[in-house]
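In what follows, a single structure is set out as structure tokens and then discussed.
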Amino acid sequence: MARLLQIAPELPAANLKAALAFYEHKLGFRVATQMPGGDYAIVERDGIAIHLFQDATRKHTPVGVHLFTSELEGLRDDLLERGVRLSQDIVRKPWGNRDFRLRDDFGNELKFTEPGAED
């Protein structure tokens, strides 16, 4: 059976330049690709890619993305030191995962998740 290898969500941003600054300086991503027209870019961190696109008309609904880690506290502390404001601190969910959440400047919710320990 064919296997899926990776996912790269596309997130809308009313101001792509501001979005790139947020993802680079606040979240520790690096800009991997920018399209010549300035309306599309890809940021990467630790093998994770997020595609950002200019949506000045705000016709797209903000989205939610889960990003998985095994070092939840360390990642949260790093992001807090960078000046990120959390919309939710670390919480254990009923299904066992723990996560914290933040919103980018355009309403997209990033959910940093640590899978629960298996029995």
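Extending 7 Å from the Cα toward the beta-carbon at both residue 15 and residue 35 defines two label points whose distance is 2.1 nm.
Each of residue 69 and residue 117 was given a label point 7 Å from its Cα along the Cα-to-Cβ line. The distance between the two points is 2.0 nm. Couplings 3J(HN,Hα) for segment 109-115, derived from phi with the Karplus relation 6.51 cos²θ - 1.76 cosθ + 1.60 (θ = phi - 60°), are 9, 9, 10, 8, 10, 10, x Hz, where x marks Gly and Pro.
Report the Stokes-Einstein translational diffusion coefficient (µm² s⁻¹, integer) for segment 2-119, Rh taken as the Kirkwood radius over Cα pairs, at 4 °C with viscosity 1.567 mPa s. Please report the intermediate quantities before stating the final value.
On the way: Rh = 15.1 Å.
This corresponds to a translational diffusion coefficient of 86 µm²/s.
For residue 48 and residue 5 in the same chain, what is the full-extension length gain: residue separation times 0.36 nm, less their Cα-Cα distance, in nm? Could the numbers behind the result be given before it?
Numbers: separation 43, 0.36 × 43 = 15.48 nm, distance 1.17 nm.
So the chain would gain 14.3 nm between residue 48 and residue 5.
For segment 45-102, the calculated P(r), taken from all Cα-Cα distances in 10 Å bins from zero up to the bin holding the longest distance, is 16, 44, 31, 8 percent. Expressed in units of 2.2 N^0.38 Å, where N is the residue count, the Cα radius of gyration of segment 1-61 is 1.19.
About the Cα centre of the chain, how large is the charge dipole given +1 on each Lys and Arg Cβ and -1 on each Asp and Glu Cβ? Please answer in debye to the nearest 20.
Working: 16 positive and 19 negative charges, 76 e Å.
Dipole about the Cα centre, nearest 20: 360 debye.
Each of 12, 95, 84 was scored by the projection of its Cα onto the charge dipole of the chain, and the greatest displacement toward the positive side belongs to 12; charges sit on the C-beta of Lys, Arg, Asp and Glu.
Computed over the Cα atoms of segment 28-72, what is the ratio Rg over Rh, Rh following Kirkwood?
Numbers: Rg = 12.7 Å, Rh = 12.3 Å.
My calculation of the ratio gives 1.03.
Every number here is computed from the coordinates shown, using simple stated rules; none is lab data. All of these numbers come straight from a predicted model, not from anything done at the bench. FYI the Cβ positions are ideal-geometry reconstructions off the backbone, even for glycines, and counts take in every protein chain you see.
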